Structures are given as C-alpha cells and as structure tokens.
1. Residues Val78, Val6: which one is among the hydrophobic types (A, V, I, L, M, F, W, C), open to solvent by less than 70 Å² (accessible area, probe 1.4 Å), under 15 Å from His115 (Cα atoms) and not in a strand (DSSP E or B)?
2. Being modelled with pLDDT under 95 and in contact with a helix residue (DSSP H, G or I) (Cβ under 7 Å, 6 or more places away or on another chain) is true for just one of Ile72, Ile63. Which residue is that?
3. How about the stretch 1-26: which of its residues are under 12 Å from the mean Cα position of the chain (by Cα) and closer than 17 Å to His56 by Cβ?
4. Residue check: is Ser27 surrounded by fewer than 17 Cβ atoms within 10 Å (Cβ to Cβ) and part of a strand (DSSP E or B)?
5. Of all residues in the stretch 48-93 being among the basic types (Lys, Arg) and touching a Gly at 6+ places or on another chain (Cβ under 9 Å), which is nearest to Asp109 (Cα to Cα)?
6. Here is a check on your reading of the model: is Glu64 closer than 27 Å to Glu4 by Cα, open to solvent by 50 Å² or more (accessible area, probe 1.4 Å) and touching a residue at least 24 places away in the same chain (Cβ under 8 Å)?
7. Would a scan of the stretch 41-61 turn up a residue that is open to solvent by 60 Å² or more (accessible area, probe 1.4 Å), charged (D, E, K, R) and assigned to a strand (DSSP E or B)?
Amino acid sequence: MTPEDVSRVHREDFYGALRKNDLDKLSQIYSDDYTLVRPDGSAFTKAQILDDLKAHAMSFSSIELTNEKIRIYGPVGVLTGDSKISAVRDGRESTSAFRLVAVYHQQGDRVQLVHFQSSPLPS
C-alpha cells in the first residue's frame with residue numbers, strides 16, 4: 001500500500017460513493033468490521049451506517065479535504081486531514097467542518113476503510 005493508494009481510495013472511491021449515495025460501493029469500501037465514530041461520540045457498525053443512509057435521504061453537494069497527511073504501516077494506511085462538507089439530509093441542508101482520521105487496510109489488491117472518526121474543527 002502506498003500513500004497514493006490511500007488518497008485515491010479516500011478521495012475517488014469513498015467520497016465518490018458518498019456523493020452518488022452509492023450504497024453498494026460503500027458496502028465494498030467499508031470492511032466487515034468497519035466502525036464510524038461521529039463527533040458526538042456515537043459509534044456505528046457497517047450495517048448500522050448503511051441502514052442509516054438507506055433510511056435518511058442524504059446527498060453531498062460538496063466534500064473538501066485539506067491538510068491531508070497519510071502514514072503507511074505495512075498493510076495499514078492512516079489518513080488524517082480537515083474536511084468541509086455541504087449536505088442535505090432528510091431535506092435539511094447543513095455544512096460542517098471537522099478533523100478526521102480514516103484507517104485503511106489492504107488485503108491482497110483490495111483496500112478497505114476500517115475506521116473513520118471525526119471531531120469538530122476549533123472555531
């Protein structure tokens with residue numbers, strides 16, 4: 001795994017699937033033991049987050065990633081950065097800015113998202 005692999009999977013595959021609300025693609029990107037931790041501390045499994053995305057119509061009008069840093073530890077890639085998103089969920093528009101940690105793992109030729117956690121950026 002290289003930093004370029006992690007960046008491509010995160011920016012093109014993961015963000016692309018979120019923009020298109022492509023739940024099948026997200027299901028492939030998320031590992032079976034995927035965990036999402038939201039800024040409020042709530043945690044979701046792969047099944048829970050996919051069910052949540054199915055139940056609540058959501059679209060992303062923009063997703064930006066800045067201050068990206070990627071570290072590689074054998075088959076594991078850790079991406080950190082700052083993100084700004086504009087989204088519509090259940091008909092309500094929102095924007096948020098947060099610092100994120102995304103952990104990717106490579107098995108064979110497949111790179112999957114294992115863990116994603118975000119915290120609000122300081123004002």
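1. Val6
2. Ile63
3. Within the stretch 1-26, Ala17, Leu18, Arg19, Leu26 qualify.
4. Considered against the rule, which asks whether it is surrounded by fewer than 17 Cβ atoms within 10 Å (Cβ to Cβ) and part of a strand (DSSP E or B), Ser27 comes out as no.
5. Arg71
6. It is false that Glu64 is closer than 27 Å to Glu4 by Cα, open to solvent by 50 Å² or more (accessible area, probe 1.4 Å) and touching a residue at least 24 places away in the same chain (Cβ under 8 Å).
7. no
The values are calculated or read from the model by the stated rules, or taken from the named source; none is laboratory data. Model, not experiment: these values are computed from the prediction. Neighbour counts run over all protein chains shown; Cβ positions are idealised from the backbone, glycine included. We work out accessible area using only protein heavy atoms, side chains counted, and drop any ligands, DNA or RNA first. Shrake-Rupley method; radii C 1.70, N 1.55, O 1.52, S 1.80 Å.
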